[in-house]
1. I'd like the residue in the stretch A:56-67 that is buried (at least 24 other Cβ atoms within 10 Å of the Cβ) and among the hydrophobic types (A, V, I, L, M, F, W, C) and, out of all such residues, is farthest from the other protein chains (Cβ to nearest Cβ).
2. Could you say which residue among B:VAL127, B:VAL97 is surrounded by 22 or more Cβ atoms within 10 Å (Cβ to Cβ) and either modelled with pLDDT of 95 or more or away from chain A (no Cβ under 14 Å) (or both)?
3. Could you list, ordered by first residue, the pairs with Cβ atoms under 6 Å in which the first is in the stretch B:196-208 and within 14 Å of another protein chain (Cβ to nearest Cβ) and the second is part of a strand (DSSP E or B) and not small (Gly, Ala, Ser), at least 6 apart or interchain?
4. Hey, A:VAL150 hits all of (1) within 14 Å of chain B (Cβ to nearest Cβ); (2) among the β-branched types (Val, Ile, Thr); (3) free of Cβ contacts under 8 Å to residues at least 24 places away in the same chain but one; which does it fall short on?
5. Counting residues that are at negative phi and small (Gly, Ala, Ser), which helices (runs of 4 or more DSSP H) fully inside the stretch A:298-397 reach at least 3?
6. Hey, can you tell me all the residues within the stretch B:211-246 that are buried (at least 19 other Cβ atoms within 10 Å of the Cβ) and not in a helix (DSSP H, G or I)?
7. Just to confirm my filter: which helices (runs of 4 or more DSSP H) fall fully inside the stretch A:508-578 and include at least 2 residues that are touching a residue at least 60 places away in the same chain (Cβ under 8 Å) and charged (D, E, K, R)?
8. Looking only at the stretch B:7-29, which residues are exposed (fewer than 15 other Cβ atoms within 10 Å of the Cβ) and among the aliphatic types (A, V, I, L, M)?
There are 2 protein chains.
Amino acid sequence: MDKILRIDMGAEGGPKVTVSPLGKYAGLGGRAMTSAVISGEVPALAHPLGAENKLVISPGLLSGTIAAMSGRISIGCKSPLTGGIKESNSGGQAAQVLARLGYAAVILEGKPGTDDLYKIIINKDGVKIEVDNSLKLLPNYDLIEKLKPVYGDKMACLSIGPAGERKMAIASIACTDMEQRPTRHAGRGGPGAVMGSKGVKVIVLDDTGMAMRAPKDPEKFRDANKRFVEGLMKHPVSGQGLPAYGSNVLTNILNEAGGYPTYNFKEGRFAGASKISGEVMAGLESKRGGNPTHGCHRGCVIRCSGTYNDKDGHFLSKQPEYETVWAHGGNCGIDDPDAVAMLDFLDDNYGVDTIDMGVAIGVAMDAGVAKFGDAKAAIDLVHEVGKGTPMGRILGGGAAATGRAFGVERVPVVKGQAMPAYDPRAVKGMGVTYATSTMGADHTAGYAVTSNILKVGGFVDPLKAEGQVELSRGLQIATAAVDSTGMCLFTAFAIIDQPETYQALLDLLNAFYGLTLTADGVVALGKKVLSMERDFNTRAGFTAKDDRLPRYFSAEPVPPHNVTFDVKDEELDKVFNW
Amino acid sequence: MDKILRIDMGAEGGPKVTVSPLGKYAGLGGRAMTSAVISGEVPALAHPLGAENKLVISPGLLSGTIAAMSGRISIGCKSPLTGGIKESNSGGQAAQVLARLGYAAVILEGKPGTDDLYKIIINKDGVKIEVDNSLKLLPNYDLIEKLKPVYGDKMACLSIGPAGERKMAIASIACTDMEQRPTRHAGRGGPGAVMGSKGVKVIVLDDTGMAMRAPKDPEKFRDANKRFVEGLMKHPVSGQGLPAYGSNVLTNILNEAGGYPTYNFKEGRFAGASKISGEVMAGLESKRGGNPTHGCHRGCVIRCSGTYNDKDGHFLSKQPEYETVWAHGGNCGIDDPDAVAMLDFLDDNYGVDTIDMGVAIGVAMDAGVAKFGDAKAAIDLVHEVGKGTPMGRILGGGAAATGRAFGVERVPVVKGQAMPAYDPRAVKGMGVTYATSTMGADHTAGYAVTSNILKVGGFVDPLKAEGQVELSRGLQIATAAVDSTGMCLFTAFAIIDQPETYQALLDLLNAFYGLTLTADGVVALGKKVLSMERDFNTRAGFTAKDDRLPRYFSAEPVPPHNVTFDVKDEELDKVFNW
């Protein structure tokens, strides 16, 4: 990871490859890298689909090492959905492979003048870029099936589906998992549309012949990793809940807490929640020959992913994440686990963010386009997205565009991005994160569910305004740092609750890079990343007025607790006061 | 005009009417009234389609008097298209009739809880509000035909078509003309969607039994009016060009100047322009039994409107305005005058802004939805809007939404509103107005074509950056004032060029209200209006970054002059420095 690969897709005579040393980007990885490049190199008023925007793909600082859980990749750009800076984060194999190939970042620049579709192949021999129009409009699963015989069973792919080629604002970038399935997605904020605007269908990575990245102090590194894994296994969330049921373990928990947004955020509890809970879906997976406990990348020890088979025992989709189950489930009034898994598959196949897709369908249902609870209608709507019909174009623009198209007032978005699976009125810490995150409404940006609901890192009453700003601030800072390491965010539960696990993470970084990083250094890194992102957004025209929830969340109480979002604007404006 | 009528459409038990004295709004009319109410009463972060938004309908200060040209009405709201403050201005009969009925403003507030559709009848006896679901989804022409037998040949209507009922962001409010045709539209920025969100289909006005408004000094008023009319008739633009050919006299002029945006703003000159010029269309009107010289309201002496018949001599539409002819003509590569007139009719009938509609079609053509020059396809696309299909929902969201839906980079909008018929690179004064107007891209907000092209009020080279900020500033201030008087903006040519005509306008105001207003007072009024609007927009989250053209106008030269927009950002930021 000592070099940066730049590909100018708009160069005269065809794409031009440049490999350079890290220079001023030395010491950065993941989100710190993507946000530094976007903030420093992309004009803030650039059109997201224009030649001036860049797509930055960066493994984390510990990716490609033997460190457990280090397989997250950051993909950054100016977002076509929010108009602000974007880092979208994914599991799968790409981070490990790219890191072992030695690239701290791959940066797609410019824009081709033709409609040709390109594939980029990166391996130990270098970089090849080829026009391959036979790939046009292939869904992600079909694409990968077509590439496998050519590039073999070691390849890891980053690809877009038809949504990305059509430059839809919620288009994702798919990352293949250990079974070469395009199941992990950098979904939020439309990075797939930016990849599509650059004419790139797929980046095929292969690290055959490359070694594991070597730490400065291998012994200390191994020891730290051992303590890190022990810590993860010891914590009830990463050691038990997530492996057994995946992230969907949260359905029953959030529903019980009254913070499960139902019928397009009209209620906080869904009568059908128990039918689509993690417990039920994991049970179906076991029964039908799927697998509820599985890692999404090499080196994963939490193994929260899984495989969901249909009733005949055939692969239907990966085990859908909690936010996906919610977006297509309770939010749309749907309680059929097979339908939810099918929607997950279609989202992955066409290449769209499952959260914004589900919320867009919920908004469309609110507008009368289909009835809440109509699973077949929801499936048909996602097919429209895949086909690129006008209806698909509307939904593929996300919840915000769907709300505008159908004249809906109740549209749960911030900075144009759909809210995820936690009602901001009943889980107020999440409300603060949604409102103020540089990314638009995003649960991963500062996952206050920890203290609000799971009682990880103490307890802050989710129904009260007090303490939420401080909670969100601390989490947003820590997350920006963790997102730069390549570490899965699900390590955070153990890191927050167990000082020795936090120390193990610091020791991993220090042993690898020969540093003397302390907790203060991690906080400083997180603040630095957030400040770069805030600076970009300010230059793009964002103000404190963009750090607000839609006003109806302050006016309409959500049952069962009948609470509104009452964190004051002045308080929200203090989140980044440091 | 000594009272304000408020109708709370969301009141419990049904709409509630309140009539109150002017109070703090005394002395305001037209745009000064609408912007004062919106800025003062609507929370800047309110949802445009929510209960907190208001629709303010206000005749100008001189409307309802014998003063010539005083029939403009201002309709204000928070815009569903721009998210900022909006004053959309229309001719037709409504201003005169409403003023004679004594209302300085009608304010629709709140939002009904049901899907019922209301009609509001205002006459000398008061206000009646009735549910009439038989009017649902009627196009404007059909609606008026249905109302005529009931309300008679004195009624003047303000109505919405299906686009407004469906809350499309470019929905207009139609104002009937002297022949009770719904041909004049408050089109820009989607006021029709706000009226639709309040459940109001039509406001039927009848001033039978009401007298002309009486000036404080009738003799001075008559004398001033005489001088005012003489001045208008003496000026070549208002005395000759506009009466003979209507506003479409500009097609040949702008095309010759190389500032006629063609093929979605790719070129500045259209090969087919001469086929859709004002001269040609006026000739067809005369030949086919239409009428090229006609007033849109009682008291009009310029008579720039007209009637366009089809080749069989049947009414096809009003004489389309220059911006409409351009939006559907050169901008879409269409040079068939009958097709353009049909598109004008359909826009009026379904109730959409002709500018944003045409630019949306141009953007869709750029995306490959139809071919440039395909008139039948353009007509079909407007029918989609009328039918409310998904494609219609996209286009009915305007050029900005269409660009987002189809992933188009070259979208000529500012603050989400489509640019009109003057390329900002080749008519740079218009570029400054587009960029900085509180309204989004809007030619009427500061019509720099005067000095840039028509050499009215001196000459500022349209191809050079110098002097454009000063030009636009002066015009924006003057326009904000004129828009408050109820005077048609086409009086401006004579007012700018002929000091005695400007004095006649001041004398009209002074004689009517018993004031001693000077030119300085007019400037002060204009600045006050703009400051209120800027203040609202700032509170709604707008910054200097919103006072910019899309970046491609600074990068891509437009033929034939091959100029870019090169007025510096720092200069744009000085427009409102006073």
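1. Checking each candidate, the answer is A:ALA67.
2. B:VAL97
3. Going by the 6 Å Cβ cut-off, the qualifying pairs are B:LYS198/B:LEU108; B:GLY199/B:TYR118.
4. (1)
5. Working: elements: A:322-328, A:337-350, A:354-366, A:375-387, A:390-395.
Filter on the stretch A:298-397 gives A:354-366, A:375-387.
6. B:ARG213, B:PRO215, B:HIS235
7. On the way: elements: A:519-539, A:552-555, A:569-572.
In the stretch A:508-578, A:519-539 are the helices (runs of 4 or more DSSP H) which contain 2 or more residues that are touching a residue at least 60 places away in the same chain (Cβ under 8 Å) and charged (D, E, K, R).
8. Result: B:ALA11, B:VAL19, B:ALA26.
The values are calculated or read from the model by the stated rules, or taken from the named source; none is laboratory data. Here the structure is a predicted model, which is why all the values come from computation and not from measurement. Because the Cβ atoms are built from the backbone with ideal geometry, glycine has one as well, and the counts that use them run over all protein chains shown.
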